[in-house]
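Let me begin by presenting the structure, written as structure tokens, before commenting on it.
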Amino acid sequence: MTDGSTGDDRIVVALDVGGTGMKCALVRPDGSVAHAERHPTDAGRGPDAVVQTVLAVAEGLADRARAAGSTPVACGVAVPGVVDEAAGVAVWSANVGFRDVPLRRLVGARLGLPAALGHDVRVGGIAEARLGAGRDARHVLFVAIGTGIAAAHVVAGSAAVGAHGAAGEIGHILVRPDGPRCGCGRPGCLEAVSSASAIARRYAELAAGTPPDPPATDPVAVPTGTMPARGAASAADVAGRAAAGEELAGRVWREAVEALADGLATGQALYDVDTMVIGGGLARAGEQLLGPLRAALHDRMTFHREPRLVAAALGDEAGCLGAALLALDTLERR
Ligand SMILES: [Zn+2]
């Protein structure tokens, strides 16, 4: 990836375009970040306006790099949804509104540079596998748990894309046939049970029909003053309440962890990886998630080798770094 020479002034422009915000950076060939900035996506303006913002921000970053004495050599863009990476087309995205946008061609033309387009979770997986928590492993499954659940299977630094650009959708593994209906229309998908939004929804549902716990004997253990109303609790709040010993939150958290372990066990049966890197918003719960998840996954292993389960290391910058790596890869192929 790096040419090892001193005085390498090459830099790549990288953007990770999400439903609410864009994480953008100038990244050196060794993966270090020279400059980072963020912009709102304002997806409500429609996909054409979002594309114009992407192009303007990318151009601004390239100008900034030149002004600092660097040479922009490529641009990488990550987007959510269905992405045809070979054709460089953002095929479909619920969050951003893209429909068949030839983003790679548009960015390449605007900047006059080679460009790459990737799927946000797949490039995030590439970044975690090469630079982050999976850097010591050859076979990595990166699992992002947030509003939804998606994964990237990365072998030797490259993520499988699939025949239709939809590899890694483990959020739609069936784990609870009689469970809640998923956004995809089917009941019982993993992300309908274990995503951050599913945890919050389940907790609100159960809390509505359950009286609150009696006041704790140890007032320090349950900081109720800082907790939102039960109906408005986020997954992080549910984790906090569970850690503080609230029975209902503990039950919701356990149910989510058990279902997640079922999904990951299926993932291990399919991919046989060394390391599973857990990222996304829910991973901020740290060992409160990973500890019980490790134990539940251990219980499900028969002849399969148990993977190492670790928290992601790059946080929400993984997608942006992965977009940069994808851009660097296009240079190597030229
Ligand atoms: Zn589904």
The correct count of residues that are part of a loop (DSSP other than H, G, I, E, B) and either open to solvent by less than 20 Å² (accessible area, probe 1.4 Å) or farther than 18 Å from Gly279 by Cβ (or both) in the range 147-177 is 12
Exactly one of Ala242, Ala256 is open to solvent by less than 20 Å² (accessible area, probe 1.4 Å) and in a helix (DSSP H, G or I), and that one is Ala256
Search result, residues across the range 282-305 that are closer than 16 Å to Ala133 by Cβ and touching a strand residue (DSSP E or B) at 6+ places or on another chain (Cβ under 8 Å): Leu282, Ala283, Gly286, Leu289, Leu290, Leu293, Arg294
Within the range 130-146, count every residue that is within 22 Å of Val17 (Cβ to Cβ), out of contact with any Ser or Thr (no Cβ under 8 Å at 6 or more places or on another chain) and open to solvent by 10 Å² or more (accessible area, probe 1.4 Å). 4
Would you please name the residue that is least open to solvent (accessible area, probe 1.4 Å), looking only at residues in the range 184-205 that are out of contact with any strand residue (DSSP E or B) (no Cβ under 8 Å at 6 or more places or on another chain) and near the ligand (Cβ under 9 Å from one of its atoms)? Gly185
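Residues are listed down the side, and each one gets a yes or a no for (1) at negative phi; (2) modelled with pLDDT of 95 or more:
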residue: Gly183; (1), (2): yes, no
residue: Ser194; (1), (2): yes, yes
residue: Ile199; (1), (2): yes, yes
residue: Thr217; (1), (2): yes, no
residue: Arg230; (1), (2): yes, no
residue: Gly245; (1), (2): no, yes
residue: Ala265; (1), (2): yes, yes
residue: Gly281; (1), (2): yes, no
Any chance you could count how many residues in the range 269-287 are assigned to a helix (DSSP H, G or I) and within 19 Å of the chain's Cα centre (by Cα)? 7
Checked Val96, Val82, Val77, Val121 against criteria (open to solvent by 10 Å² or more (accessible area, probe 1.4 Å) and more than 14 Å from the chain's Cα centre (by Cα)); the one match is Val82
Could you check the range 58-74 and list, in sequence order, the residues that are assigned to a helix (DSSP H, G or I) and surrounded by fewer than 19 Cβ atoms within 10 Å (Cβ to Cβ)? Glu59, Gly60, Asp63, Arg64, Arg66, Ala67
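The values are calculated or read from the model by the stated rules, or taken from the named source; none is laboratory data. Everything quoted here is computed from the prediction, not taken from an experiment. Don't worry about glycine lacking a Cβ; one is built from the backbone with ideal geometry, like all the others, and counts go over all protein chains shown. Side chains are part of the model used for accessible areas, which takes the heavy atoms of the whole protein and leaves out ligands, DNA and RNA. Shrake-Rupley method; radii C 1.70, N 1.55, O 1.52, S 1.80 Å.
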